[in-house]
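I have placed the structure first, in the form of structure tokens, so that the comments after it can refer back to it.
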Amino acid sequence: MMGPLIVFFACAVLAVAGAILLILAREPIHSALSLILVMVALAILYLLLGAEFISAVQIIVYAGAVMVLFVFVIMLLNFGVEERTDFSKLAKYVGVPLGFFLLIEVARWLYESRIGSVVASGAGTVTVAASTRDLSAELFRQYLFNFEATSILILVAILGALVLARKSQ
């Protein structure tokens, strides 16, 4: 019982650290690498929940394909080091207190809600277990049009990226 708890907290710390590094990184490529760290930590958390398919999709789609696209755009636009400015007065005097207030409200909501007590007690159980085979059968039966429309949309985005990346003659 102690092993999954240690893995959970380790992945939670990695996800939060990656998110902070994502914001504080000076170069865009370092931000993209920090985002990959967050995605991998989330994939491990999905594994702890017993959602192997979602974990694999998290790695393949988000940490793989989407991050390759981000890195491609960063390299295409040739971003350098960001120009640093002073901390915005609006962010300092309004954004930080509002962010802190939001954090307190979410914690209070979790403390008072039924789902918070179920998670804290460890009594929450998954009532429906679906295998990858069942999920893929449902995807290709009921949601085939949506799946194909998404793939065509991704193909158009790739063609648009190629047109933008092509050198003008």
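Coordinate-derived values only; no laboratory data. Quick caveat: nothing in here was measured; it's all calculated off a predicted structure. Here the Cβ positions follow ideal geometry from the backbone for every residue, glycine too, while neighbour counts run over all protein chains shown.
Across region 62-67, in residue order, what do the Karplus-derived ³J(HN,Hα) couplings come to in whole Hz, using 6.51 cos²θ - 1.76 cosθ + 1.60 with θ = phi - 60° and x for Gly and Pro? Each residue of region 62-67 in turn: 7, 6, x, 5, 5, 5 Hz. Considering only alpha-carbon pairs that sit under 8 angstrom and 6 or more positions apart, the relative contact order computed for region 1-84 is 30 percent. A straight chain from Lys92 to Ile152 at 0.36 nm per residue would run longer than the Cα-Cα distance by 17.3 nm. Among Tyr93, Tyr62, sorting on how many other beta-carbon atoms sit within 10 Å of each Cβ, with the fewest leading, yields Tyr93, Tyr62. Neighbour counts of other Cβ atoms within 10 Å put Tyr46, Tyr111 in the fewest-to-most order Tyr111, Tyr46.
3J(HN,Hα) along region 95-101, derived from phi through the Karplus expression 6.51 cos²θ - 1.76 cosθ + 1.60 where θ = phi - 60°, amounts to x, 5, x, 5, x, 5, 4 Hz, with x in place of Gly and Pro. This ranking places Met2, Met39 by how few other beta-carbon atoms lie within 10 Å of each, fewest first, which gives Met2, Met39. Per-residue extension of 0.36 nm, minus the Cα-Cα distance of Leu164 and Ala65, leaves a gain of 33.8 nm for this segment. In loop segments of region 1-83 as defined by DSSP, the GluC sites (Glu not before Pro) with at most 14 further C-beta atoms inside 10 Å of their C-beta are Glu82, Glu83.
Return the long-range amide H neighbours of Ala51 (sequence gap of 5 or more, or a different chain), with a cut-off of under 5 Å between placed amide H atoms. Amide H neighbours of Ala51, under 5 Å, 5+ apart: none. Would you work out if region 1-84 is rounded, prolate or oblate? Take a ≥ b ≥ c from the square roots of the eigenvalues of the alpha-carbon gyration tensor; rounded if a/c is under 1.5, else prolate when a/b is larger than b/c, oblate otherwise. Oblate, since a/c reaches 1.5 and b/c is not below a/b.
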